[in-house]
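Okay, structure first, notes after.
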Amino acid sequence: MRAARRDPSWKGPSPPVFVPQLVVCLKDYRRETFFKDLFAGLTVGVIALPLAMAFAIASGLPPERGLYTAIVAGFLISALGGSRVQIGGPTGAFVVIVAGINLQYGYSGLVYCTLLAGGLLIALGLFRMGALIKFIPFPVVTGFTTGIAVVIFSTQIRDLFGLRMEEVPAEFIEKWAAYLSHLGTTNPSALGVGIGTIALIVVLRRCRPRWPGMLIAMAAATVITWALGLEIETIGSRFGDLPRTLPRPGLPRISLAELRELVSPAFTVGLLAAIESLLSATVADGMVGGPRHKSNMELVAQGVANIGSVIFGGIPATGAISRTATSIRSGARTPVAGMVHAVTLLLLLLLFAPLAKLIPLAALAGILVLVSYNMSELHHFVGLLKAPRSDVMVLLSTFGLTVLVDLTVAVQVGVVLAALLFIRRMSEVTNVGMITREFRENGDDAADPNSIWLRDVPPGVEVFEIEGPFFFGAADKFKETMRLIETAPRVIILRMRAAPAIDATGLHVLKEFHHQCRNDGIELVLSGVHAQPLHAMTNDGLLKGIGEENIFGNIDDALNRAREVLGLPPVERPVPFVPTVRREKEQAQ
């Protein structure tokens with residue numbers, strides 16, 4: 001395995017975990033690097049303008065709240081984060097959950113939900129849980145990502161078709177039933193603008209991929225709508241004029257009872273922010289090369305950014321994969337590009353806010369239709385349908401719950417299902433076998449110099465072997481194997497050379513088994529104990545109970561201990577002797 005490359009801009013020892021990448025990069029920051037970051041920041045800032053407003057509107061909030069988020073959270077994520085090129089702001093992943101929280105608890109509830117999520121993110125980072133977040137199974141992530149894409153698409157039908165509907169039902173099935181019943185009210189102008197926006201973005205992506213296609217399409221739709229006097233709902237007709245400055249920092253009031261109800265959705269917001277930000281940072285690492293991002297510092301920055309966002313009237317934020325990739329392709333090399341992106345959005349808000357009221361909602365709906373298609377990752381979803389049935393169950397359960405029930409429930413159930421699946425698979429990879437004298441001639445591992453089949457096992461001795469981590473998933477299998485003993489032997493040797501780790505449940509089961517052996521007058525001897533299980537047994541007191549004289553690093557010493565208990569003479573080690581695991585005294589050093 002290759003060693004990770006160090007950041008050449010960091011002088012001296014490896015940078016501490018909680019030093020932002022901005023500090024590291026500025027130690028050797030050059031003029032040419034600044035101009036690359038400046039161009040990239042300006043480019044991605046222009047691209048982020050329509051997305052920020054579209055995500056806010058799709059969440060049931062005024063468009064300016066998306067801009068506040070992209071400005072405040074985007075700046076803080078880049079300034080404090082553990083990734084060199086991460087671009088932060090509102091994303092499609094949050095649309096569904098933010099819309100649900102806002103509908104049920106109002107914006108004040110969303111604010112405190114985001115504050116709790118921010119605190120959770122900071123805690124995850126400070127307790128160095130960043131690496132664990134990456135272990136969320138792929139079927140879970142794909143299930144709720146594709147589900148979110150479907151839900152986002154379904155929320156844009158009214159504006160895309162210009163349907164005359166006062167309210168849109170929140171539930172998925174009822175929503176589509178309402179769309180079908182109002183299909184006769186379709187506004188051809190709105191539908192034409194929406195489809196034209198989608199088509200222009202697709203063409204520009206293929207012919208001019210470096211151009212800000214979404215902004216150009218939105219501007220073209222706005223000019224056409226204004227010039228032709230089309231009767232289409234716009235940002236101004238629904239929300240009024242956009243503010244030209246950031247709001248004053250502040251927090252709304254909320255009761256303690258309401259705060260308790262927000263814990264569950266806050267967990268979902270925090271988990272989604274952690275997953276998407278670290279996924280985006282990982283993608284960025286692969287695009288720019290060099291040292292990897294610092295996941296724990298990134299989580300702390302995401303927490304601070306979410307808190308700062310809602311203090312200034314924003315919504316939840318995370319790392320944005322598409323905008324991060326665009327920034328990198330535009331030349332970004334340090335967090336300065338992300339900070340320039342935030343400043344660019346602030347200047348656009350100050351200078352062009354009055355013009356935003358002319359933007360047709362059908363154009364923003366077209367943009368979000370493309371966003372939902374891109375984030376759906378249909379090729380991953382279809383590919384996973386060919387995976388083992390247990391993974392398909394997790395995928396479809398998470399997807400179905402996201403679409404039909406609630407994203408909060410989907411994430412929690414998906415994680416629980418994945419954990420149960422992990423337990424099952426851990427129990428499958430861990431094998432507990434009994435080796436008896438009458439089956440010695442059937443052994444198929446004679447090539448192993450430490451095979452029990454090459455040893456003389458005295459009568460009155462049974463040898464068991466654990467293969468795989470001795471975790472809670474394997475506890476029942478161990479108990480079932482122990483029940484196979486019909487006549488109690490004088491000595492039981494438990495080989496653990498293939499058990500690199502043990503957890504609390506494994507320790508408990510082993511302690512119970514030792515207690516049973518003592519009651520039955522059986523001497524328990526352990527062979528091939530690795531460092532982690534030995535350390536765990538020492539801390540638990542099990543080592544003292546079994547006795548150091550009954551724990552050995554190899555099977556030959558364990559068999560001689562059994563002969564000593566039986567009153568038989570020892571047998572010389574085979575020549576050449578191949579040790580399995582170092583002796584316990586060597587492991588402890």
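The values are calculated or read from the model by the stated rules, or taken from the named source; none is laboratory data. Fair warning: this is a prediction, and the values are worked out from it, not measured in the lab. Neighbour counts run over all protein chains shown; Cβ positions are idealised from the backbone, glycine included.
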Just one of A562, A536, A531 is under 39 Å from the mean Cα position of the chain (by Cα), touching a residue at least 40 places away in the same chain (Cβ under 8 Å) and assigned by TED's automatic domain parsing to the domain that holds L507; which is it? A531
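Scan the stretch 539-559 residue by residue and report those that are part of a helix (DSSP H, G or I) and touching a residue at least 60 places away in the same chain (Cβ under 8 Å).
Our first condition is that a residue be part of a helix (DSSP H, G or I); within the stretch 539-559, this holds for 539-540, 542-546, 548-550, 555-559.
Matches in the stretch 539-559: I555, D556, A558, L559.
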Only unsatisfied item for S295, checking (1) touching a Lys or Arg at 6+ places or on another chain (Cβ under 8 Å); (2) more than 21 Å from A52 (Cβ to Cβ); (3) surrounded by fewer than 16 Cβ atoms within 10 Å (Cβ to Cβ), is (3)
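State all residues of the stretch 321-371 that are among the charged types (D, E, K, R) and under 24 Å from the mean Cα position of the chain (by Cα); if no residue qualifies, say none. Walk me through it before giving the result.
Quick first cut of the stretch 321-371, residues among the charged types (D, E, K, R) only: 323, 329, 333, 357.
Selection gives R323 alone.
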Of the listed residues (L200, L230, L246, L251), the one being within 13 Å of A363 (Cβ to Cβ) and part of a loop (DSSP other than H, G, I, E, B) is L230
Only unsatisfied item for A281, checking (1) surrounded by fewer than 19 Cβ atoms within 10 Å (Cβ to Cβ); (2) in contact with an Asp or Glu (Cβ under 7 Å, 6 or more places away or on another chain); (3) of a type in the set (A, V, I, L, M), is (1)
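For (1) touching a Lys or Arg at 6+ places or on another chain (Cβ under 9 Å); (2) modelled with pLDDT of 95 or more, each residue gets a yes or a no:
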| site | (1), (2) |
| --- | --- |
| R30 | no, no |
| F39 | no, no |
| L51 | yes, no |
| A54 | no, no |
| G66 | no, yes |
| V72 | no, yes |
| R84 | yes, no |
| L115 | no, yes |
Quick check: is even one residue across the stretch 499-518 crowded, with 18+ Cβ neighbours inside 10 Å, of a type in the set (V, I, T) and in a strand (DSSP E or B)? yes
Among (1) at pLDDT 90 or above; (2) in contact with a Leu (Cβ under 9 Å, 6 or more places away or on another chain), which single condition is E261 missing? (2)
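Within the stretch 484-498, take every residue that is at pLDDT below 85 and not polar (S, T, N, Q) and give me the one that is nearest to the chain's Cα centre (by Cα).
Result: A498.
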Taking the residues in the stretch 352-367 that are at pLDDT 90 or above and in a helix (DSSP H, G or I) as candidates, determine which candidate is surrounded by the most Cβ atoms within 10 Å (Cβ to Cβ). A363
Counting only residues that are under 19 Å from the mean Cα position of the chain (by Cα) and either among the aromatic types (F, W, Y) or more than 19 Å from F144 (Cβ to Cβ) (or both), the stretch 97-113 contains a total of 0
Exactly one condition in (1) outside the structural domain of V415 (by TED's automatic domain parsing); (2) in contact with a helix residue (DSSP H, G or I) (Cβ under 7 Å, 6 or more places away or on another chain); (3) not polar (S, T, N, Q) is false for R128; which is it? (1)
Residue in the stretch 404-411 that is modelled with pLDDT of 85 or more and under 30 Å from S372 (Cα atoms) present: yes
State all residues of the stretch 458-468 that are surrounded by 20 or more Cβ atoms within 10 Å (Cβ to Cβ) and farther than 17 Å from V565 by Cβ; if no residue qualifies, say none. E465, I466
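Pick from the stretch 140-166 the residues that are over 30 Å from P188 (Cα atoms) and in contact with a Ser or Thr (Cβ under 7 Å, 6 or more places away or on another chain): which of them is surrounded by the fewest Cβ atoms within 10 Å (Cβ to Cβ)? Steps first, answer last, please.
Taking the stretch 140-166 and keeping what is over 30 Å from P188 (Cα atoms), we get 140-145.
Checking which are in contact with a Ser or Thr (Cβ under 7 Å, 6 or more places away or on another chain) leaves us with 140, 143-144.
On the way: V140: 25, G143: 30, F144: 29.
That would be V140.
Please pick out the residue among I224, I198, I216, I173 that is surrounded by fewer than 21 Cβ atoms within 10 Å (Cβ to Cβ), in contact with a strand residue (DSSP E or B) (Cβ under 9 Å, 6 or more places away or on another chain) and not charged (D, E, K, R). Explain how you work it out, then say what you get.
Working: I198 fails: in contact with a strand residue (DSSP E or B) (Cβ under 9 Å, 6 or more places away or on another chain); I216 fails: in contact with a strand residue (DSSP E or B) (Cβ under 9 Å, 6 or more places away or on another chain); I173 fails: in contact with a strand residue (DSSP E or B) (Cβ under 9 Å, 6 or more places away or on another chain).
On inspection, the qualifying residue turns out to be I224.
Starting from residues that are without any contact (Cβ under 8 Å) to a residue 60 or more places away in the chain and closer than 21 Å to N554 by Cα, keep the ones in the stretch 479-495 and report whichever is surrounded by the most Cβ atoms within 10 Å (Cβ to Cβ). Don't jump to the end; show me each part of the working.
Keep residues of the stretch 479-495 that are without any contact (Cβ under 8 Å) to a residue 60 or more places away in the chain, which gives 479-489, 492, 494.
Then drop every residue that is not closer than 21 Å to N554 by Cα, which leaves 489, 492, 494.
Numbers: P489: 20, I492: 23, L494: 27.
The qualifying residue surrounded by the most Cβ atoms within 10 Å (Cβ to Cβ) is L494.
Hey, can you tell me all the residues within the stretch 313-349 that are outside any loop (DSSP other than H, G, I, E, B) and either among the hydroxyl-bearing types (S, T, Y) or not assigned by TED's automatic domain parsing to the domain that holds L246 (or both)? Quick ask: steps written out before the conclusion?
Looking only at the stretch 313-349, we keep the residues that are outside any loop (DSSP other than H, G, I, E, B), and these are 318-319, 321-329, 336-349.
T318, S322, T324, T326, S327, T344 - these are the residues of the stretch 313-349 that are outside any loop (DSSP other than H, G, I, E, B) and either among the hydroxyl-bearing types (S, T, Y) or not assigned by TED's automatic domain parsing to the domain that holds L246 (or both).
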